[in-house]
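Student: Let me begin by handing over the structure; questions about it come next.
The values are calculated or read from the model by the stated rules, or taken from the named source; none is laboratory data. All values derive from a computational prediction rather than experimental measurement. FYI the Cβ positions are ideal-geometry reconstructions off the backbone, even for glycines, and counts take in every protein chain you see.
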């Protein structure tokens, strides 16, 4: 939630925001320390006290302050720009966003005078029946003249109901000064805050729809938006297709023309152009152009799949690079390995990378052929064009062009392969 609010505030003001937190929110500082300044409100004494805490952190006095809640993920920078502009144009010491909600429960109500000007905000917990019937609410977003606010914050009394100091009392004080607050209307969506897990789920659904709509307008095909989940941090090229059940998380990017097939989950991974990923899980992996992954493959952190390579059914790759054109189709594990271009990994192959104390690497040379059921006990190197026979357990290096066969494997010259159309001898 806070990330969206910080992005909007930074875009509207051009400076790092000040975030007011409580003493038990150190984790927020850890996450956003590079994006914001922080002020700690020692006790939860209300929003006016939170503003005083922020002003103390600022030290110097900016001429104007933009105030918004950390649970306001739908605010757009353009709306904040308009609020700031209206306060300056009106000369009011305070401008605020309002919205009309079909169900205003939990929000402060906007009270207007006979001329339609805002005269007061009544918090939901302090409102009477007539005030609760009002559907125009305070969105909790303000543009404030700082010099005026510093002078008037000390005049805010504690709420009779909660004992808190409400920032909304500044509206009443502005009216008392003869300079009423200026209200700017916004949409119910932008005014939405998040106070419980029900509202969190509703907000997540709205944000997911907004993210997908932005991608679709930019040229991405989303076959079933209702079952597709894409984080705001994900980058998608034009003509990418997302099939039903796709989940894309974190710092993931997908190149132009790629297809992410049904039931795929991709986290913090880079997928190139014209790739196909189908019913697979990718975590911290990189897939180069025109490669295919799946179905039911698992690319773990550090996996790099080279251009035009194929990783298929129940194949797993971890901390390994597969060169261009490598084939690893069936029931196999490649971990801590360097597989060179054009190699073939047979069904059931395992690179035994862990000896009980440390991880060891396997090297498989260009064009090597690893027979089904081979066990490559690292550290070991299979030379270019070498082969392993089905079921071999390879514990020593295999020279280029040679054959490893048996348990443990012995090195042999491979049988000559018949030329196309020639009968085997």
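Student: Among the residues of the stretch 8-24 satisfying the criterion of being crowded, with 16+ Cβ neighbours inside 10 Å and without any contact (Cβ under 8 Å) to a residue 24 or more places away in the chain, which is nearest to residue 85 (Cα to Cα)?
Tutor: First, the residues of the stretch 8-24 that are crowded, with 16+ Cβ neighbours inside 10 Å: 8-9, 12-13, 17-21.
Right, trim to without any contact (Cβ under 8 Å) to a residue 24 or more places away in the chain and you get 17, 21.
On the way: 17: 19, 21: 28 Å.
Taking the candidates together, the pick is 17.
Student: Cβ contacts < 7 Å: first residue under 14 Å from residue 5 (Cβ atoms), restricted to the stretch 192-210; second residue in a helix (DSSP H, G or I), any location; separation 6+ or different chain. Result?
Tutor: Listed by first residue and then by second, the contacts come to 192/203; 194/200; 194/203.
Student: With respect to residue 422, determine if the residue is within 23 Å of residue 296 (Cβ to Cβ) and either at pLDDT below 95 or assigned to a strand (DSSP E or B) (or both). Give the steps one after another, and end with the answer.
Tutor: Values: within 23 Å of residue 296 (Cβ to Cβ): no; either at pLDDT below 95 or assigned to a strand (DSSP E or B) (or both): yes.
Criteria not met by residue 422.
Student: Please find, within the stretch 287-303, the residue that is nearest to the chain's Cα centre (by Cα) out of those that are surrounded by 18 or more Cβ atoms within 10 Å (Cβ to Cβ) and farther than 15 Å from residue 345 by Cβ.
Tutor: The extreme case among them is 287.
Student: When you go through (1) within 31 Å of the chain's Cα centre (by Cα); (2) on the phi > 0 side of the Ramachandran plot one by one for residue 335, which number turns out not to apply?
Tutor: Tallying (1) within 31 Å of the chain's Cα centre (by Cα); (2) on the phi > 0 side of the Ramachandran plot, residue 335 fails exactly one: (2).
Student: Please count how many residues of the stretch 222-239 are at negative phi and either assigned to a loop (DSSP other than H, G, I, E, B) or surrounded by fewer than 13 Cβ atoms within 10 Å (Cβ to Cβ) (or both).
Tutor: So the first thing to find is which residues in the stretch 222-239 are at negative phi, and the list is 222-238.
Within this subset, residues satisfying the condition of being either assigned to a loop (DSSP other than H, G, I, E, B) or surrounded by fewer than 13 Cβ atoms within 10 Å (Cβ to Cβ) (or both) are 223-224, 226, 228, 231-234, 237-238.
Result for the stretch 222-239: 10.
Student: Go through the residues of the stretch 206-214 one by one and say whether even a single one is assigned by TED's automatic domain parsing to the domain that holds residue 107 and either farther than 24 Å from residue 98 by Cα or assigned to a loop (DSSP other than H, G, I, E, B) (or both).
Tutor: The answer is no; no qualifying residue exists.
Student: Pick out the one residue from 332, 309, 269 that is in contact (Cβ under 8 Å) with a residue 12 or more places away in the chain, in the same structural domain as residue 231 (by TED's automatic domain parsing) and more than 27 Å from residue 398 (Cβ to Cβ).
Tutor: On the way: 332 fails: more than 27 Å from residue 398 (Cβ to Cβ); 309 fails: more than 27 Å from residue 398 (Cβ to Cβ).
Criteria check complete, one pass: 269.
Student: A further question follows. Taking the condition under 20 Å from residue 305 (Cβ atoms) and touching a strand residue (DSSP E or B) at 6+ places or on another chain (Cβ under 6 Å), does residue 388 pass?
Tutor: Details: under 20 Å from residue 305 (Cβ atoms): no; touching a strand residue (DSSP E or B) at 6+ places or on another chain (Cβ under 6 Å): yes.
Criteria not met by residue 388.
Student: Within the stretch 87-94, can one find any residue that is on the phi > 0 side of the Ramachandran plot and touching a helix residue (DSSP H, G or I) at 6+ places or on another chain (Cβ under 7 Å)? Explain how you work it out, then say what you get.
Tutor: First, pick out the residues of the stretch 87-94 that are on the phi > 0 side of the Ramachandran plot: 91.
This time we only want the ones that are touching a helix residue (DSSP H, G or I) at 6+ places or on another chain (Cβ under 7 Å), so: none.
Scanning the stretch 87-94 turns up no residue that is on the phi > 0 side of the Ramachandran plot and touching a helix residue (DSSP H, G or I) at 6+ places or on another chain (Cβ under 7 Å).
Student: Is at least one residue of the stretch 67-86 out of contact with any helix residue (DSSP H, G or I) (no Cβ under 9 Å at 6 or more places or on another chain) and surrounded by 19 or more Cβ atoms within 10 Å (Cβ to Cβ)? Explain how you work it out, then say what you get.
Tutor: Start the filter on the stretch 67-86 by keeping residues that are out of contact with any helix residue (DSSP H, G or I) (no Cβ under 9 Å at 6 or more places or on another chain), which leaves 82, 85-86.
Going one step further and asking which of them are surrounded by 19 or more Cβ atoms within 10 Å (Cβ to Cβ), we end up with none.
No, the conditions are met nowhere in the stretch 67-86.
Student: Still on this structure, please answer the following. For the stretch 249-259, give me each residue that is outside any loop (DSSP other than H, G, I, E, B) and over 17 Å from residue 218 (Cα atoms).
Tutor: Step one: list which residues in the stretch 249-259 are outside any loop (DSSP other than H, G, I, E, B), which gives 249, 253-254, 259.
Scanning the stretch 249-259 gives a single hit, 249.
Student: Being surrounded by fewer than 18 Cβ atoms within 10 Å (Cβ to Cβ), touching a strand residue (DSSP E or B) at 6+ places or on another chain (Cβ under 9 Å) and under 17 Å from residue 204 (Cβ atoms) narrows it down to one residue among 219, 250, 257; which is it? Reasoning before the result, please.
Tutor: Values: 219 fails: under 17 Å from residue 204 (Cβ atoms); 257 fails: under 17 Å from residue 204 (Cβ atoms).
From the options 219, 250, 257, the qualifying one is 250.
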